[in-house]
Amino acid sequence: MYLTPIPAFDDNYFWLLHDGKRALVVDPGDAGPVQRTLEQHALQLESILVTHHHADHTGGVNVLREATGAKVYGPATERIPQPYLPLKGGDLARALDMDFQVIDVPGHTAGHIAYYAQGVNGKPLLFCGDTLFSGGCGRLFEGTPAQMLSSLDKLSALPGNTVVCCAHEYTLSNLRFAMAVEPDNAELAAYLTQCTALRNQSQPTLPTSIAKELLVNPFLRTRQPTIMAAARRFDASAHDDSTVFAAIRQWKNQFK
Ligand code: ZN
Ligand code: FE
């Protein structure tokens with residue numbers, strides 16, 4: 001299987017997975033870049049997987065469905081361009097002869113889902129939309145800090161070698177914030193250097209992995225003493241898992 005991010009808008013990636021003939025695409029916010037890629041590689045679009053309702057993830061769905069007849073999957077409780085197959089946590093989405101397990105990950109939006117497949121080129125694969133980014137997580141538009149933390153806990157529990165396909169290239173700004181939270185994290189400093197070099201060559205920093213994120217991502221590390229102490233310097237009232245998480249999220253929102 002071939003996995004490629006199709007860059008779109010300022011910083012979106014529409015993930016394309018294909019076997020040389022048939023393809024699936026995740027969160028196509030715009031049809032044009034997807035259609036050009038399909039034509040270049042003579043691919044038939046078989047499935048469209050949608051993680052949440054935002055326009056930058058759904059804007060190309062209707063055009064692509066009409067042009068290719070692709071089957072559309074999406075979260076049951078959100079407004080997704082009809083017709084589509086509604087999914088909730090625990091369901092399976094079948095695409096390219098593989099089963100994708102659906103994981104409920106509310107927080108960025110109330111009905112946000114992620115798609116997880118066990119063995120793609122020998123590794124697990126995760127499409128997590130705007131829930132988990134490299135070095136960061138989605139903004140809480142429709143969910144509480146406790147909900148987002150519990151969603152991220154589900155993703156953290158996946159195997160370390162899981163290939164994590166995030167929907168935005170936010171890595172460098174996330175890592176600059178992460179360095180403010182954990183200035184002594186050597187793994188983080190090395191990863192920032194590596195990602196800076198990639199971006200200087202206009203290369204994506206994604207996909208990432210769960211193991212890498214556990215080492216560098218402050219939002220997956222809110223139970224580490226270093227992060228808890230940093231959260232309390234920002235907000236002295238942070239005292240438990242979800243208030244520490246909330247403080248780090250709030251700090252990131254204000255960080256320049
Ligand atoms: Zn979004
Ligand atoms: Fe987005």
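Values for this structure:
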quantity	calculated
Among A238, A157, A76, residue whose mean-square fluctuation peaks in a GNM of the chain (springs only between Cα atoms under 10 Å)	A157
Within a Gaussian network of the chain (alpha carbon springs, distance under 10 Å), most fluctuating of S150, S237, S47	S237
Within a Gaussian network of the chain (alpha carbon springs, distance under 10 Å), most fluctuating of Q194, Q118, Q44	Q194
Whole-number D in µm²/s for segment 79-216 (Stokes-Einstein; Kirkwood sum over Cα pairs; 25 °C, 0.890 mPa s)	155
C-alpha long axis of helix 225-234 to longest principal axis of the chain, angle in °	80
C-alpha long axis of helix 31-40 to longest principal axis of the chain, angle in °	60
Mean projected area in nm² (Cα convex hull; one quarter of hull surface) for segment 121-199	6.1
Value of D in µm² per second that Stokes-Einstein yields for segment 2-254, Kirkwood Rh from Cα pairs, at 20 °C (1.002 mPa s)	117
Degrees, to the nearest 10: 145-156 long Cα axis against longest axis of the chain	70
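Taken together, the values in this text are just the output of simple stated rules run on the coordinates, not laboratory data. Just so it is clear, the structure is predicted and the values come from calculations on it, not from any experiment.
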